[in-house]
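Structure record follows, encoded as structure tokens.
Each value in this text was obtained by applying a stated rule to the coordinates, not by laboratory testing. Keep in mind that what you see is a predicted model, and the values were worked out from it rather than measured. Every residue, glycine as well, gets a Cβ built from its backbone with ideal geometry; the counts of neighbours run over all protein chains shown.
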Amino acid sequence: MVYANLCGPFSATSLRGNRYFLILVDEFTRKIWLYLLKEKKKAFYHFNKFCILVERQSEWRVKILRTNGGREFKSREFAEFCEKVLNMR
């Protein structure tokens with residue numbers, strides 16, 4: 001199970017112009033991944049990359065995604081991914 005949250009926008013930007021961050025926490029290991037984002041719409045892209053990274057490094061797969069119900073996780077892309085990929089495993 002992975003917990004996800006997208007935070008921002010922040011009034012101060014990072015040196016590279018990022019105003020958001022996506023945090024992903026693995027419930028089992030308590031490892032944390034933090035992705036800096038310029039735009040909210042990049043959340044799905046980074047979550048997808050995260051899933052690929054986790055599968056390659058650990059041979060485990062993300063089965064459950066927990067969020068705070070924010071709209072960024074209710075996009076068509078996220079819904080299709082969860083339906084197609086997470087439920088197949």
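Quote the charge dipole size of the chain about the Cα centre in Debye, to the nearest 20; the model charges only the Cβ of Lys and Arg (+1) and of Asp and Glu (-1).
Computed about the Cα centre, the dipole is about 200 debye.
Report the Stokes-Einstein translational diffusion coefficient (µm² s⁻¹, integer) for the range 15-65, Rh taken as the Kirkwood radius over Cα pairs, at 10 °C with viscosity 1.306 mPa s.
For these conditions, the coefficient is 134 µm²/s.
Which angle between 0 and 90 degrees, to the nearest 10, do you get for helix 43-58 versus the longest principal axis of the chain when only C-alpha atoms count?
Taking the Cα atoms of the chain, the angle to 43-58 is about 50 degrees.
What length, rounded to one decimal in nm, is gained on full extension from residue 31 through to residue 71, with 0.36 nm per residue of separation minus their alpha-carbon distance?
Computed gain between residue 31 and residue 71 is 12.0 nm.
With each run of n ≥ 4 DSSP H residues scored as -39500 (n - 2.57), what mean residue ellipticity at 222 nm is computed for the chain after dividing by its residue count and rounding to the nearest 500 deg cm²/dmol?
-7500 deg cm²/dmol
Tell me, Kirkwood radius of the chain from alpha-carbon pair distances, in Å?
13.6 Å
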